[in-house]
Amino acid sequence: MLDTLITGARVRTFDETRPWAEAVGIRDGRIAYVGDSAEAPSARSRVEADGRLLTPGIIDSHNHLLLGFDEDAVSLEGAHTLAEVRRRIAGFASRRPDLGWICAENAVYSIVEGRRPCAADLDGLDAAGRPVFVTTYDQHSVWLNRPALAVLGIAQGGDIAWGRPERDAAGDATGWVTDFYTSAMTEAGLAELQRDIPMYSPERRYRKLRSSMRMATALGITTVVEPQVPLAELPLFERALAEGVLTSRVIAALFHPVGADGAFRARIRDTVDRSNAEADVAGLLRLGPVKLYADDVIEPHTALMLADYANRPGVRGRPSYPGDAGRELVGVIGELDRLGLQTHTHATGDGGIRLALDAIEQAARANGTVDRRHGIVHVECLHPDDLDRFARLGVTAAMQPRHCSPDLVAGTWMENVGEERWSRAWRFRSLLDSGATVAFSSDWQVGEMDPLVGLYSAATRAGLDGSQGWTADERVGLDRSLEAYTVHGARAWHLDGARGRIAPGMDADLVVWSSDLYRHEHDPAGLLGEHAETTIVGGRVVHSLGAVVDRVGAPVADDPVAAGGAAPDAHVHTH
């Protein structure tokens, strides 16, 4: 006797022995039957899918749950001019006299043409003269006004633990701070942020986590990899588990700061071991991977490139780790590999990617390890000589289809890299064709969390407005993209025996979509009008809009943080 039988579906199983089916049966949280409806065992409850597509649950392999939008900050999403940025911040400041700091999120780098934004660009926005703190859309830079520079001591020549303040030729702070996210999650950086910037208080971070989790479950994401959790913030996830907030499964990657020593790595090993020994029966929270940085990002010229930036002769960025070309990273990955830990390393420039691949290759050779499945995340600009190394070394490329959209990368990214290197950009198809594991993800809230946006972006490499795509040779069709979100996502995290496919014995993590998504194969824009109808985790319906089973949970649009509520300039990704 099955607990639940879903019938009348187009079931894309990704199981080679039976790629398609029409019915799926669930018992005790696992898949117990896959096949024809007429041959299915009896079930206590039946769900009629009425021709909708049923797939394995989406595995989002890089999703910053802790960076979900903050209802007490103003969104600069879609603001592409300084005038619009000033209008939004000034309006928010006038509406919120209760806030000691005015915080804003999602600024783009190209707000001011030909130079970095500076503190003077934020003059006169608030009659009370409050400090203003603005993060860029990728969380790697911060923009401060003059009162903020004074309050933080930067104007007086002081340093901060959560970034690198830029200074002009006279030594005066410009108001721009680089290396933010790599420094902000260190113990010292996080402590300073929590002390000085209200947006980083534990309660506001927990509020973001709750909101992001509601959104993930509603979007058909059944496993989320939170890629950067400082040890100091791990209790937020433990609290979420205890309070029933984790409606989808979470894999938390613990952050390893640059400069951390062997004792810190031993703490990570101990933390993972303790967590595994005390793991929840439902498998909703687990630890394991370790987050590292090989370089920074391309937009502010801080990613490590093998040749000069196209518009900055003599500048090639820098590795995150000091020493000879960042070679310290080789030792760190080697030690983590020896300790039995999987790594998840940020690398965007072709130099940073090569550095990470070299470190992983040397670790395996030195330690004699196999099948560790280390990962490199982003892989934005990949040198042709390194393409086949991912498959050969068993390295996962954790990539974000939305990041290649022209509406995000036209201008700063494209100009910095230069047209002669555009063919190296986000090589989804080439990596898949090489046999590499390519685990798709959103990088929320750098990009929209909705996997349908990712499917559209992979298929078109165009903006959400339907504008002309680019680098068309790297487009990936719907079926391969779904596979990257499921089969490859499971493989990336050593879960291929439990998730990513629909087959007897696998976890019953499933999504019923609003229709058969495959009818949009030749017109991917139609994907943007679809949605996840029902999300099932461990055999339990955790979200449903009511078309196939009774309504469970709140729709994304009902989430005041995820969709912005009634406030102007609300935080919402639209498509």
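Each principal axis of the Cα cloud of the stretch 418-516 was evaluated for its coordinate range; sorted largest first, these ranges are 48, 31, 25 Å.
Over every Cα atom in the stretch 72-217, the radius of gyration and the widest Cα-Cα span, Dmax, amount to 14.8, 51 Å. A convex hull fitted to the Cα coordinates of the stretch 143-204 yields 76 cubic angstrom per residue.
Taken over the stretch 313-442, the percentage of Cα pairs per 5 Å bin, counting from 0 up to the bin with the maximum distance, is 2, 10, 21, 22, 20, 14, 7, 3, 1. For the listed peptides 227-238, 465-476, a ranking on the average number of other beta carbons within 10 Å per residue, highest first, reads 227-238, 465-476. The mean of 1/r over all pairs of different alpha-carbon atoms in the stretch 199-247, once inverted, gives a Kirkwood hydrodynamic radius of 11.3 Å. The radius of gyration of the Cα set in the chain, together with its Dmax, comes out at 23.2, 79 angstrom. Rg of the Cα atoms in the stretch 183-225, relative to 2.2 N^0.38 Å, amounts to 1.44. Highest average first, the peptides 129-138, 364-373 ordered by how many other beta carbon atoms sit within 10 Å of their residues are 129-138, 364-373. Rounded, prolate or oblate: which fits the stretch 468-559 when a ≥ b ≥ c are the square roots of the eigenvalues of the alpha-carbon gyration tensor, with rounded for a/c under 1.5 and prolate only if a/b beats b/c? It is oblate, given that a/c is not under 1.5 and a/b is not larger than b/c. The smallest convex shape that holds all Cα atoms of the stretch 259-365, its convex hull, gives 110 Å³ per residue.
Size of the stretch 166-290 from its Cα atoms: along the principal axes, largest to smallest, the extents are 59, 36, 24 Å.
Panel values: the stretch 111-189, Kirkwood radius from alpha carbon pairs, Stokes-Einstein at 25 °C and 0.890 mPa s, translational diffusion coefficient 192 µm²/s.
Counting only DSSP beta bridges with both residues in the chain, what percent are antiparallel, rounded to the nearest 5? Percent antiparallel among DSSP bridges in the chain is about 45.
Using all pairs of distinct alpha-carbon atoms, the Kirkwood hydrodynamic radius of the stretch 1-68 works out to 13.0 angstrom.
Within the stretch 362-422, the ratio Rg/Rh, alpha carbon atoms throughout and Rh by Kirkwood, equals 1.09. For the peptides 55-64, 211-220, 520-529, the ranking by mean Cβ contacts within 10 Å, running from highest to lowest, is 55-64, 211-220, 520-529.
DSSP finds beta bridges in the stretch 84-187, and of those with both partners inside it, around 65 percent are antiparallel.
Which of the trypsin sites (Lys or Arg not before Pro) found in the stretch 45-123 are in a DSSP loop and have at most 16 neighbouring Cβ atoms, other than their own, within 10 Å? Answer by residue number: R115. Amide H contacts under 5 Å for W426: C381, L382, restricted to partners 5 or more places along the chain or on a different chain, H placed in the peptide plane at 1.01 Å from N. Give the long-range amide H neighbours of R46: residues separated by 5 or more places, or on another chain, with amide H under 5 Å away, using H modelled in the peptide plane at 1.01 Å from N. Sorted by chain and number, the residues that satisfy this are L5.
Where a number appears in this text, it was derived from the coordinates with a stated rule and is not lab data. Everything quoted here is computed from the prediction, not taken from an experiment. We place every Cβ from the backbone using ideal geometry, glycine too, and count neighbours over all the protein chains shown.
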